[in-house]
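Have a look at the structure below, then the notes.
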Amino acid sequence: MAETSSALPAPPLDRVPLGRRLQNGAMLGLCWLAVGLALVPLLLVLVHVAREGLSAVNLQFFTELPRPVGEAGGGMKQAILGSLMLVGLAAVVGVPVGVLGGIYLAEYPSHRICAWVRFAADVLTGVPSIVLGVVAYTVVVVPMRRFSALAGAAALAMIMVPILLRTTEEMIRLVPGSLREASLALGAPRWRTALFAVLPVARSGIVTGGLLAAARVAGETAPLLFTALNNQYLNHQPDQPTASLPVQIYTYAVSPYAEWHRQAWAGALVLVGLIGALSILARVATRSRMA
Amino acid sequence: MAVETPVLNTVPAAVPSVAAAARGDAVFLRVTQAFALAVLGVVAFAVITTAVRAWPAMRAFGPAFLIRSTWDPVAEQFGAWPFIWGTLYSSLLALLLAVPVGVGAAVFLAELCPAWLRAPVSFLVELLAAIPSVVYGLWGVLVMVPWLRERVQAPLAAGLGNWPLFSGAPYGVSLLAAAVILAIMILPIITAVTRDVLLAVPVEQRQASLALGSTRWEAIWRAVLPFGRVGIMGGIILALGRALGETMAVTMVIGNRPEASVSLLSPAYSLAAVLANEFAEATGALHRAALQEITLVLFGITFLVNALARWMVWSITRRSGRGG
């Protein structure tokens, strides 16, 4: 662990002139203020989400479809299930591409194409998610002539892939070379070494990466706005518009109705809870590997 | 790092022939390479399809698209300047707010924080990054904007309304609201990167400064921060890249008025916000092409900013690798 100023003994200030002493106190005090200021918005947002959300969330929220404007009650069942479907579909595409691509980068690092693949993954990470939504629109919505869960899942998969690519490559790199050598020395071909000796050791790290990627895309709204669109009703078919929790929250938040605002807070609470649960699951998976 | 040793059962009962092993290896190589190339292909394809779809607008308006101010779907007159202005202005304002607080918080975490407190506080700051953008937008539009309107903008408009910076009616939804919410969202990036950079500064720097009689603050300001300045700049530019592309929270609080204004109180528009609002409902072919061109502009801006940040990080790692 790096040694920092806090680890070093405090310099005695008794012989320092007053001006420098005051400056020292003032600037260090500002740093304490800065961290307090950094935590204030976190507190405000979480407290508001918890307070407004808890007062609005009930069993109905999870089991009923939205009611028309003016009627109290109703829920976001279709949005919650829709989100699960979208993340699931995205994972079906995103996980194989990301993991297998990561295996390639880790197993054949000397190939010249590797630098380009890593560059492409960096570009995908840095690009705003709405741009990926536009691409998914052009590639899926236009040929299919309809908004669909598949288009939404395509956009989300493009967000998941670079996360999984990088995680897989790093986790496989962490596996000690001696393991690989032992497997090869026993006569296993390179592909069996990679898939059955090295990959199982890296597996829990990759699963963690997958969970974190899922948590990330579960909260994405922008790419879904014109790919999966939204839906007032429950939808099981991947080729139809599908509701999702973030898009439903957005729709309700910008509306002028107080009842919808309440529902939006409840939705925000459920979304934050879902993402929190996935992140905690990811941490637990890491810790059990380290233990 | 402890790694469980697995049972090595890679060798089948009958050892495969060399030819079979080579075939298996070739298939493995081709399959994994194909998936890796798919990633490259997706990015190339994304750029090409967007450019192709944007071509009608590029042909109609030329490079002047970037500086024209009219956005009129009915008259089919499109110009991206209000969006570019809104995006850049709100992001730079957000940096102005977030950099002092973020660097200060990072200095606290790296230099002043007792060791036992560091992990919990770092965790809390990183929790800011985990909250989805739409939740920030919800809080922004229902809680922060009314508060800003009453407590900040109304007094500013009343007192300093004749300054260009504070002119216009205090609607609440404005560049100021967008800047504040962006600042909150990019704060964790600045804090995390700066904290890591400061923790990597060798302890000898601090020891030498303190040995020469500096106070703790002087040691930080003169010995530690300058040592890490390239990394800190890289973190700031990374945060800028994030702010430029932020969509939902900005859409909900920026006011969505396609007009470039200097006033903090004026509603504005950003590149990502116009895509979010108009893309699903754009009817004319030229309107859609203009939106695709905006997508291309946004892609280009964020790509350049992220490339700059990555180059800065690469140049420090290269320098430190040489023992700098």
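Only counting protein heavy atoms at a 1.4 Å probe, give the residues of the range A:38-58, ordered by number, whose accessible area falls by 30 Å² or more when the other protein chains are present relative to the chain alone.
Flagged in the range A:38-58: A:Ala38, A:Leu39, A:Pro41, A:Leu42, A:Val45, A:His48.
In peptide A:180-187, what is the residue-averaged number of other protein chain Cβ atoms found within 10 Å of each Cβ?
2
Could you check how much of the accessible area of chain A is carbon and sulfur, as a whole percent, using a 1.4 Å probe?
66
For n ≥ 4 DSSP H runs only, could you compute -39500 (n - 2.57) per run for chain B, divide by its residues and tell me the 222 nm figure to the nearest 500?
Only helices count here, giving -21500 deg cm²/dmol.
Leaving out ligands and nucleic acids, and using a 1.4 Å probe, what accessible area per residue does the protein assembly as shown come to in Å²?
Here the per-residue accessible area is 44 Å².
Using a 10 angstrom Cβ neighbour count of at most 15 plus a DSSP loop assignment to flag exposed chymotrypsin sites (Phe, Trp or Tyr not before Pro), which longest range of chain A is free of such sites?
A:1-232
With a 1.4 Å probe and all protein chains left in place, how much of the accessible area of the range B:256-299 comes from carbon and sulfur atoms, in whole percent?
52
I'd like the mean, over residues of B:271-282, of how many other protein chain beta carbons sit within 10 Å of each residue's own Cβ.
4
Give a quick list of trypsin sites (Lys or Arg not before Pro) in the range A:76-119 that DSSP marks as loop, anything other than H, G, I, E or B, with at most 10 other Cβ atoms within 10 Å.
A:Arg112
If you take the accessible area of A alone plus B alone and subtract the pair, what total do you get in square angstrom, rounded to 100, with a 1.4 Å probe?
Counting protein atoms only, the buried area is about 8500 Å².
Return the carbon/sulfur percentage of the accessible area of the range B:56-127, one whole number, probe 1.4 Å, all protein chains in place.
Heavy-atom surface of the range B:56-127 belonging to carbon and sulfur, 1.4 Å probe: 76 percent.
The values are calculated or read from the model by the stated rules, or taken from the named source; none is laboratory data. From a predicted model like this one, the values you see are computed outputs, not experimental measurements. Note that each Cβ is placed from the backbone with ideal geometry, even for glycine, and that neighbours are counted across all protein chains shown. These accessible areas exclude ligands, DNA and RNA; they are computed on the full protein's heavy atoms, side chains included. Shrake-Rupley method; radii C 1.70, N 1.55, O 1.52, S 1.80 Å.
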